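Okay, structure first, notes after.
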Amino acid sequence: MTTPLEPDSTSHGDRTDLEQALGSLRPASRIQRDRILFRAGQQSAAPPQTGRFAVRLWPALAASLALVVLGQGVLLSRRPVKEIEVVYVQVPQPQALAPVAPEVLVQQAPAATRPQPWLDAPGPTASNRLSWQIIRYGLDALPSTPVAALAPTEKPLTAGQSLETNIPNLMNPGDPS
Amino acid sequence: MDPDLLGRLIDRHAPALELFARQWCDTAEDVVQEAFVKLAGQHPLPDQPAAWLFRAVRNGAINAATASRRRRRYETQAAAIVAVWFKPDPAPEIEPDQAQAALAALPLEQREVIVAHLWGGLTFQQIAELVGSSSSSIHRRYQAGLATLRTQLGVQVS
């Protein structure tokens, strides 16, 4: 059975003279034992191997994204230009329509809007005449003197007569309210 | 990782791993050092640390060789690095220089199997898993490489 230090020791007894003569030669070595042990100890104190992935992750990511950008740039520069194509489409002209006679709508005005015949001329009575005058010319056309005061049977009071008539009423203070 | 275990692994396998890495690149010690540092950061520890180390060194050496070729392409003078593969031995059965030259002349597929088995101590099954081949194929490569070495070094072997 082999061991780490003696990988193969079973066939040494079966060696020929040539093999024994060659095997007696000692390989020259310039290996520095202490240096190897020092570097091995130095490596054992180094940070764990997991850091390498993080160190290489971002450069790899940046490189891959740069490749993507480069590829898209190439695709963009080589994209075929779409030419504008003008297509004329024959559209049938619509036939001229026959002139249509305008439809005249005759609508009878409502009775309420028709002028009243009695407004065309003043009526026979004074009330009719006054109403006709107001409708026709407005309130401004009314005479300043009331119609009742113009009755021929009564004379209008002067200012002095009116004052004398009303003095008793003016002098009476009246009851408290 | 236990420093004592790491120290013992270095003492036991570092020279063979360095020789193994030299089959591909000139910066073998750096590759081996990185492999041991990586092993120290493994949690949990591999079931077969030696096989794991040889695999890590093989991958690191191939990468280092590729980078070295790319770097030398722009250099006016490439440094002629002739590394010594084996330590000198006062009473050798095989001359180290001769062994290095003969070994270097072998195809890489045979060299890596011989180094991993003879000096690394890996089984043929472990080497087969290391290089991605079958155990029988690895054994054939090993035997073919030894036959070539025997032809080239036969006079030196007593």
Rounded to the nearest 500, what is chain B's calculated 222 nm mean residue ellipticity when only DSSP H runs of at least 4 contribute -39500 (n - 2.57) each, over all residues?
-20500 deg cm²/dmol
Return the distance in nm (one decimal) between the two label points of a simple spin-label model at residue A:44 and residue A:84, each offset 7 Å from Cα along Cα→Cβ.
7.9 nm
Collect residues whose amide H, placed 1.01 Å from N in the peptide plane, falls under 5 Å from the amide H of residue B:86; neighbours closer than 5 in sequence don't count.
A:28
Nearest 20 debye, what's the magnitude of the dipole of chain B about its Cα centre given +1 on Lys and Arg Cβ and -1 on Asp and Glu Cβ?
600 debye
Peptide A:124-136, shielding by other chains (average Cβ, 10 Å cutoff)
0
Enumerate the calculated ³J(HN,Hα) couplings along region B:2-10 in order (Karplus 6.51 cos²θ - 1.76 cosθ + 1.60, θ = phi - 60°), each rounded to whole Hz, writing x wherever the residue is Gly or Pro.
5, x, 5, 5, 4, x, 5, 5, 5
Packing rank of A:93-101, B:110-118, B:88-96, where each peptide gets the mean count of other beta carbons within 10 Å, highest leading:
B:110-118, B:88-96, A:93-101
Net +/- balance of residues flanking residue B:106 in space, Cβ distance below 11 Å, scoring K and R +1, D and E -1
0
Residue separation times 0.36 nm, minus the C-alpha to C-alpha distance between residue B:69 and residue B:134: what's the value?
20.4 nm
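Take each of the peptides B:10-22, B:120-132, B:58-70, average the number of other beta-carbon atoms within 10 Å over its residues, and list them starting from the highest.
In decreasing order of mean packing, B:10-22, B:120-132, B:58-70 become B:10-22, B:120-132, B:58-70.
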Provide a whole-number value for the mean count of partner chain Cβ atoms within 10 Å of the Cβ atoms in peptide B:99-110.
1
For peptide B:34-47, how many partner chain Cβ atoms fall within 10 Å of a residue's Cβ, on average?
3
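Throughout, read-outs are computed from the coordinates displayed, never taken from laboratory work. Please read these numbers as outputs of a predicted model, since none were measured by experiment. Here Cβ is always computed from backbone atoms with ideal geometry, including for glycine, and neighbour counts include all displayed protein chains.
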